[in-house]
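Engineer: This structure is in structure tokens; I'll ask about it shortly.
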């Protein structure tokens with residue numbers, strides 16, 4: 001059909017003209033195509049549509065295929081739909097153009113409905129129909145629909161088509177039907193590199209890194225995408241060393257490789273190693289993108305590396321990066337966690353666009369710094385901008401109520417979370433409520449919340465109750481809290497120590513002796529000692545009490561000893577004088 005519309009040889013032209021095909025229409029079609037491919041805006045599209053109606057080309061399937069494609073390139077989705085409805089007999093290419101456009105615009109369910117319309121109209125699908133429509137099934141997790149498409153693909157003779165079968169492998173992987181994905185892959189008569197990578201990704205996303213690694217080793221060739229898929233898979237299952245080993249073995253690394261490794265360390269709380277990889281990436285001449293910067297700024301937030309975070313902020317501005325919602329929320333969180341709430345607020349108010357992550361970050365920052373009332377006011381402002389809160393938002397606002405002592409407001413927000421926003425409370429929300437009530441010395445109400453919990457309380461919930469018991473010196477309830485805590489964390493002696501201190505305050509020394517005997521009998525010691533961090537020369541150093549393992553510890557101890565003796569010598573004359 002396309003060949004007849006645009007003949008290239010004189011013989012073909014004469015054949016067309018002998019059929020009385022108007023030369024003007026042929027020339028006009030070529031002009032329209034040229035303009036469609038360069039169409040800059042909606043007004044130009046409407047002008048071209050008027051010209052097509054005037055020359056009776058509105059029913060030309062090839063032109064309409066290009067017209068619909070131009071509509072989607074300008075994000076004119078509804079306009080594309082309205083143009084499509086004007087066609088009397090659209091062919092499969094027109095349907096394909098509209099289906100692809102809907103899927104790329106995130107309207108996969110409409111694409112599936114359009115596919116059914118196409119079948120009812122007696123238009124047979126092609127491989128260019130099946131691949132995107134299978135992708136749409138994966139996006140909306142339409143398992144039954146996808147299985148039906150699989151049957152139709154076989155019925156229409158695409159049982160050996162590598163692109164269609166690869167799409168099916170990916171679909172079954174997203175639906176967590178790994179046996180079906182493996183069966184389709186094994187029965188493929190031929191496989192290209194993309195098919196191998198897709199199957200590796202299916203195993204990696206499913207957490208089956210053993211199968212993913214075996215398939216990765218069997219691949220006839222590997223590209224950087226295959227290596228990146230394996231690194232991402234190891235990161236998902238928390239195998240940091242496996243990801244690092246593969247990363248070091250990679251023959252060539254792209255930006256995605258570096259970002260994946262940084263994200264792997266960040267997700268597994270190896271923030272210092274993430275910073276080291278970022279530094280190596282910069283030295284390798286690879287420039288970060290927005291995703292890399294957002295991840296590394298988040299690492300700075302967790303480490304309290306304010307100086308490095310400020311330098312990254314300056315780099316973002318200097319290099320002309322747009323501070324979008326992802327970088328913006330990371331900067332807000334970083335400045336708040338590093339104690340610079342003023343800078344956090346400046347970044348927030350300067351953001352042109354704010355999504356839920358940005359609002360959550362600033363509300364949490366205000367709540368953490370003790371500005372409970374301001375955090376709640378920010379929450380109210382967020383609701384007025386039609387941003388719907390999630391579970392993370394309510395953790396922050398409930399914490400704000402705790403800091404400000406707003407018990408009634410906290411109860412109201414907890415009910416609103418369930419009734420107005422249909423958010424099921426998680427253990428973190430219950431922990432916030434117990435902490436709020438305990439700090440208000442409402443231990444019975446806190447205990448009632450724990451009894452009404454629909455999920456098993458964790459150590460945070462019982463720990464909040466224990467702190468409340470210490471505040472109110474309620475030994476009976478404290479014993480209950482400790483007994484539950486020792487079941488959840490048997491190696492943590494801190495709870496026994498807290499209970500022993502409460503007995504000591506009540507002058508119950510026999511009970512203190514019993515608790516200490518239990519600690520000795522169980523052989524549990526204090527773990528995870530408190531530590532201090534200091535940032536020097538873009539490097540974060542961590543110390544614990546009496547730390548002698550750090551490279552700078554010897555120098556620090558010498559300095560402290562020197563200061564000690566200087567103070568002692570300076571005070572000696574005074575001591576002698578007082579003695580005389």
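Engineer: Within the range 297-311, work out how many residues are more than 14 Å from the chain's Cα centre (by Cα), crowded, with 20+ Cβ neighbours inside 10 Å and within 23 Å of residue 355 (Cα to Cα).
Structural biologist: Of the residues in that region, 5 qualify.
Engineer: Please list, ordered by residue number, the helices (runs of 4 or more DSSP H) wholly in the range 344-446 having 2 or more residues that are closer than 30 Å to residue 314 by Cβ and under 21 Å from the mean Cα position of the chain (by Cα).
Structural biologist: In the range 344-446, the matching helices (runs of 4 or more DSSP H) lie at 356-368, 391-404.
Engineer: When you go through 173, 146 one by one, which is the residue that is part of a helix (DSSP H, G or I) and under 23 Å from residue 225 (Cβ atoms)?
Structural biologist: Details: 146 fails: under 23 Å from residue 225 (Cβ atoms).
When all the criteria are applied, what remains is 173.
Engineer: Here's another thing I want to ask about it. Please state which one of 252, 233, 207, 238 is part of a helix (DSSP H, G or I) and either modelled with pLDDT under 95 or at positive phi (or both).
Structural biologist: Among 252, 233, 207, 238, only 233 is part of a helix (DSSP H, G or I) and either modelled with pLDDT under 95 or at positive phi (or both).
Engineer: For residue 124, are the conditions met, namely being assigned to a loop (DSSP other than H, G, I, E, B) and within 17 Å of residue 202 (Cα to Cα)?
Structural biologist: Against the criterion (assigned to a loop (DSSP other than H, G, I, E, B) and within 17 Å of residue 202 (Cα to Cα)), residue 124 does not qualify.
Engineer: So, one more: Is at least one residue of the range 92-101 farther than 28 Å from residue 172 by Cβ, out of contact with any strand residue (DSSP E or B) (no Cβ under 7 Å at 6 or more places or on another chain) and buried (at least 21 other Cβ atoms within 10 Å of the Cβ)?
Structural biologist: yes
Engineer: Quick check on my filter: what residues within the range 302-312 are assigned to a helix (DSSP H, G or I) and farther than 20 Å from residue 322 by Cα?
Structural biologist: 302, 303, 306, 307
Engineer: Now a separate question. With modelled with pLDDT of 90 or more, surrounded by fewer than 17 Cβ atoms within 10 Å (Cβ to Cβ), closer than 26 Å to residue 107 by Cα and in contact with a helix residue (DSSP H, G or I) (Cβ under 8 Å, 6 or more places away or on another chain) as the only criterion, which of 145, 163 stands out? Let's see the steps before the verdict.
Structural biologist: Details: 145 fails: surrounded by fewer than 17 Cβ atoms within 10 Å (Cβ to Cβ).
None of the others qualify; the one that does is 163.
Engineer: Do the conditions hold for residue 485, that is, is it crowded, with 18+ Cβ neighbours inside 10 Å and closer than 24 Å to residue 518 by Cα?
Structural biologist: So residue 485 passes the test.
Engineer: Only one of (1) surrounded by fewer than 13 Cβ atoms within 10 Å (Cβ to Cβ); (2) in a helix (DSSP H, G or I); (3) over 34 Å from the mean Cα position of the chain (by Cα) is not met by residue 78, so which one is it?
Structural biologist: Looking at each condition in turn, residue 78 falls short on (3).
Engineer: So for the range 552-567 (the condition being at pLDDT below 70, within 25 Å of residue 304 (Cα to Cα), part of a loop (DSSP other than H, G, I, E, B) and under 35 Å from the mean Cα position of the chain (by Cα)), does at least one residue qualify?
Structural biologist: No, the range 552-567 contains no residue that is at pLDDT below 70, within 25 Å of residue 304 (Cα to Cα), part of a loop (DSSP other than H, G, I, E, B) and under 35 Å from the mean Cα position of the chain (by Cα).
Engineer: For the range 275-294, check the following and say yes or no: at least one residue is touching a helix residue (DSSP H, G or I) at 6+ places or on another chain (Cβ under 7 Å), outside any helix (DSSP H, G or I), surrounded by fewer than 16 Cβ atoms within 10 Å (Cβ to Cβ) and touching a residue at least 12 places away in the same chain (Cβ under 8 Å).
Structural biologist: Checked the range 275-294: at least one residue is touching a helix residue (DSSP H, G or I) at 6+ places or on another chain (Cβ under 7 Å), outside any helix (DSSP H, G or I), surrounded by fewer than 16 Cβ atoms within 10 Å (Cβ to Cβ) and touching a residue at least 12 places away in the same chain (Cβ under 8 Å).
Engineer: Follow-up. Of these, 441, 452, which one is without any contact (Cβ under 8 Å) to a residue 40 or more places away in the chain, more than 19 Å from residue 399 (Cα to Cα) and surrounded by fewer than 21 Cβ atoms within 10 Å (Cβ to Cβ)?
Structural biologist: 452
Engineer: Taking the condition in a helix (DSSP H, G or I), out of contact with any strand residue (DSSP E or B) (no Cβ under 7 Å at 6 or more places or on another chain), free of Cβ contacts under 8 Å to residues at least 40 places away in the same chain and closer than 26 Å to residue 339 by Cβ, does residue 266 pass?
Structural biologist: yes
Engineer: Would you confirm whether or not the range 324-342 contains a residue that is over 20 Å from the mean Cα position of the chain (by Cα), closer than 22 Å to residue 437 by Cβ and surrounded by fewer than 21 Cβ atoms within 10 Å (Cβ to Cβ)?
Structural biologist: No, the range 324-342 contains no residue that is over 20 Å from the mean Cα position of the chain (by Cα), closer than 22 Å to residue 437 by Cβ and surrounded by fewer than 21 Cβ atoms within 10 Å (Cβ to Cβ).
The values are calculated or read from the model by the stated rules, or taken from the named source; none is laboratory data. Note that this is a predicted model, so its numbers are computed, not measured. Glycine gets a Cβ as well: all are built from the backbone with ideal geometry, and neighbour counts include every protein chain shown.
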